[in-house]
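The values are calculated or read from the model by the stated rules, or taken from the named source; none is laboratory data. Predicted model, so just to flag it, every value in this text is computed and none were measured. All Cβ positions, even for glycine, are placed from backbone atoms using ideal geometry, and neighbour counts span all protein chains on display.
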Amino acid sequence: MPVDPVCGMEVKESTPFKTMYKGRTYYFCSDACLREFRRDPERYLREGPKGMPSA
Amino acid sequence: MPEGRGPLRLSREEQLRVVGMHCATCATTVTKALKGVDGVVDANVNLASGTAKVVVSGARLRDLVEAVRRAGYDVVTERVRLRISMNPEDSRRVLDLLEGLEGVVRASVSPGTGEAVVEINPYSTSVEAIAEALTSRGFRASVESRAAPARRSELREYVRSLAVAWSFGPLTLFLQYTSRPLLAMMASAPVVFYAGLRYHLGAYRALRNRTTNMDTLVSTATLVAWLYSAYSLAAHGPVFFDAASLLISFLLIGKTIEAYIKERLSAEVAGLLPQRARVLRDGREVEVGADEVKVGDMLLVRAGETIAADGVVDDGKGEVEESVLTGEPMPVLKSKGSPVVGGSRLVSGFLKVYVTRSGERTYVAQLMTAVRDAEAARLRVQDLVDRVAAAFTPTIIAVAAVTFLAWHFALGAPTARALLFAVAVLASACPCALGLATPMAVLVSVHRLARRGVVVKDGEALERVRDVNVFVIDKTGTLTEGRPRVVSFTELEPGAMDLASSVEALSSHPVARAIAERFGGGLSGQVREFNEFPGDGVSGVVGDRQVIVGRPEFIAQNCEGEARGDVAVCVDGRVAGWLTLEDPVRPEAKELVGYLKGIGRRVIIATGDSGPSADLVASGLGVELVKGLTPDGKAELVRKLRGEGHRVAFIGDGVNDAVAEREADVGIALAGGTDIAKYAGDVIVGSLRGVEDLLRESRVAVRKVKENLAWAFGYNSVLVPLAAGMLYPAVYISPPYAALAMSMSSVIVSLWSLAPL
């Protein structure tokens, strides 16, 4: 199962929360994580999951 | 632990069903949110079962639910409907009572119709339990079936009482003035004790709840007059049975008119559907009751008839007048395959309609439910009204007592005369008009809008929309027709459009459909690994080519090369071309924007498009534009504007913009379909013209509320002193005339609300 790059959880591919970045698809546990990723994708790809965003 | 709002209770456990938790961190978030509520001792959230067990001590259920919803999740609740026998001015008390019950999240009470909508936690209470609790406190409550409002019987009861009152009332008068006091007493008894029974029961009910209401005043007034006369009869003093009996008779006139007005109003929406319908059963035409029509039936509709249920035309052709849906009186041509809604009228032709929704699921039934929910709106001014109403009756009783004492002891009037002044005070005071002022005005406006295809789901929005100064309008599908067309394209790599259209052919997004249609999408059968990114675009593999189609920004973060146009195409990691699309602006959109600007409102177009075509639309309409927004981005924009102190309305399609619509002060959905429940938003319009109607009606409603209240306050402050005999003997109001004035006062509120001024 893919891993949410923001909070580190395992998520199903059927989730509606997903995006493509540099040709790779990323899946998220929630809209909050997806939004957080969109804000700064490089940071999460570089530094790894940070846990649930607080907002 | 803080004391908590509401009554102090011992700690108890409340179980909630939480939805939307898809991860362990979600459970933690919900737990944290619940524990953060004042009065929560402990909270335990189970991710697997989706339940939250909360130990509360003084916390309100509503705060728990709101905390969970604020955290981004939802709680399963049920909305139930009750019919409660009460006076309009009791609504606050009933509301407090309801909200104090265990398992009640929130409640709203419609004083105009005596209906309550209660949101409950089905895990801790039931609608029967609530009805029982209310009945035990003296407010007879019954569970309301959605189909048929039982208002007719109220009118019938009033008519019966009225008939009794007007047979025996004048008789009392005649007997008393022909000096037959004993017979007068006997003639007045049916009026006072049968026709007036509702008032005595109401007063008794209020007494049991240790409060007072309009019934207290009427009951006290008539009983004082009647019992004193009975005593006086025995002591050979003056009698005034006529006062008691005419008082009731006059009151009932007003009440009957009111009940009639209410019934007429509710019948208007209910009457949208015909009573009978003709369907095809076993190949034969049979006539059945409209409520017997089932999904799958074939309806036969002739010119001039109203369609009885929602469906699709199976055969035939005709012009249908759909003002119930769109507010447009111009008939629309319908033929095989066209959808039709119940309540619309076939002007000419003949239709066979395959029924897809019947009974409670029809558009009109949903409309009725929405309208009845909206009627229970509590406008801001209502808090003031409630405070006044609570103090009103005790004050009047005190004034009546002072009147009696002053006339009898200070001015030396005989007991009978002083008593008549006191009774007149009781009879003249009218808390009813006060209680009716807001709900009647809202009721009328909500109904008037419903007839024009504007469904107000949240009655308070009617007030809020007046103060809106910024209208954020979604572009695609709202301002425009939502049917984009490709106007030009650039291919950097030959065949890019064939690849793009083949992937787009698998998506149902309007832009995707436009592209697929324009270029054929011939290779769609070969697309593998199709993936759709809502708001961004799509991707897939065609043959051995990796294809991405989407917003230029989305393409830019995935591909090399400069992405331009409204939609860009990327093949194997390089930008391979782009397209510009055009979506025609609706003619009503221009009218609406012109109207909004004309009344000094700011208009912003919000769109997910990022290409140049959005600029054309905005500059064409002469308004601001914010583009490249995801659905969340639209919500963000609304939040930001509200943060700056603006009052914001969002007009969108009610599905893709649901978040932004909920975020706004007023969410308006331009419904493309007829399933009201499906759309987010406080108000649903069938056409953009509805927004103008809404704004206009909003101003009317708020003005009417103010005028009604001014009347109610003004009436009482003039009539009560007169009834007390301040200007006696120049002006004297006897108890029956005081009662007539009082009942007319509330009739005037009802009529004034109805007046289209």
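Here is a yes/no grid of residues against (1) surrounded by fewer than 16 Cβ atoms within 10 Å (Cβ to Cβ); (2) assigned to a loop (DSSP other than H, G, I, E, B); (3) out of contact with any strand residue (DSSP E or B) (no Cβ under 7 Å at 6 or more places or on another chain); (4) not assigned by TED's automatic domain parsing to the domain that holds B:Pro729:
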position	(1), (2), (3), (4)
B:Leu346	no, no, no, yes
B:Gln366	no, no, yes, yes
B:Arg380	yes, yes, yes, no
B:Val385	no, no, yes, no
B:Thr393	no, no, yes, no
B:Ala398	yes, no, yes, no
B:His408	no, no, yes, no
B:Leu420	no, no, yes, no
B:Leu426	no, no, yes, no
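Can we say B:Val239 is touching a residue at least 60 places away in the same chain (Cβ under 8 Å), out of contact with any helix residue (DSSP H, G or I) (no Cβ under 6 Å at 6 or more places or on another chain) and assigned to a loop (DSSP other than H, G, I, E, B)?
Values: touching a residue at least 60 places away in the same chain (Cβ under 8 Å): yes; out of contact with any helix residue (DSSP H, G or I) (no Cβ under 6 Å at 6 or more places or on another chain): no; assigned to a loop (DSSP other than H, G, I, E, B): yes.
Here the answer is no, as B:Val239 does not meet what is asked.
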Against the definition (within 11 Å of chain A (Cβ to nearest Cβ), under 22 Å from B:Ser488 (Cα atoms) and surrounded by fewer than 24 Cβ atoms within 10 Å (Cβ to Cβ)), how does B:Ala618 come out, yes or no?
no
In region B:517-542, which residue that is over 40 Å from the mean Cα position of the chain (by Cα) and among the acidic types (Asp, Glu) is farthest from the other protein chains (Cβ to nearest Cβ)?
B:Glu517
Which one is nearest to the other protein chains (Cβ to nearest Cβ) among residues in region A:17-33 that are buried (at least 20 other Cβ atoms within 10 Å of the Cβ) and either under 15 Å from A:Gly51 (Cβ atoms) or among the small types (Gly, Ala, Ser) (or both)?
A:Cys29
Failed item, numbered, when A:Ser14 is tested on (1) of a type in the set (S, T, N, Q); (2) within 17 Å of B:Thr630 (Cβ to Cβ); (3) more than 9 Å from every other protein chain (Cβ to nearest Cβ):
(2)
For B:Ala187, which of the numbered conditions (1) modelled with pLDDT under 85; (2) surrounded by 14 or more Cβ atoms within 10 Å (Cβ to Cβ) fails to hold?
(1)
Determine if region B:505-516 includes at least one residue that is part of a strand (DSSP E or B) and surrounded by fewer than 24 Cβ atoms within 10 Å (Cβ to Cβ).
no
Looking at region B:491-506, can you tell me whether even one residue there is without any contact (Cβ under 8 Å) to a residue 60 or more places away in the chain and within 14 Å of chain A (Cβ to nearest Cβ)?
yes
Within region B:594-629, how many residues turn out to be over 23 Å from B:Arg647 (Cα atoms) and in a helix (DSSP H, G or I)?
7
Within region B:354-389, track down each residue that is under 27 Å from B:Arg210 (Cβ atoms) and out of contact with any helix residue (DSSP H, G or I) (no Cβ under 7 Å at 6 or more places or on another chain).
B:Ala376, B:Arg378, B:Asp383, B:Leu384, B:Arg387
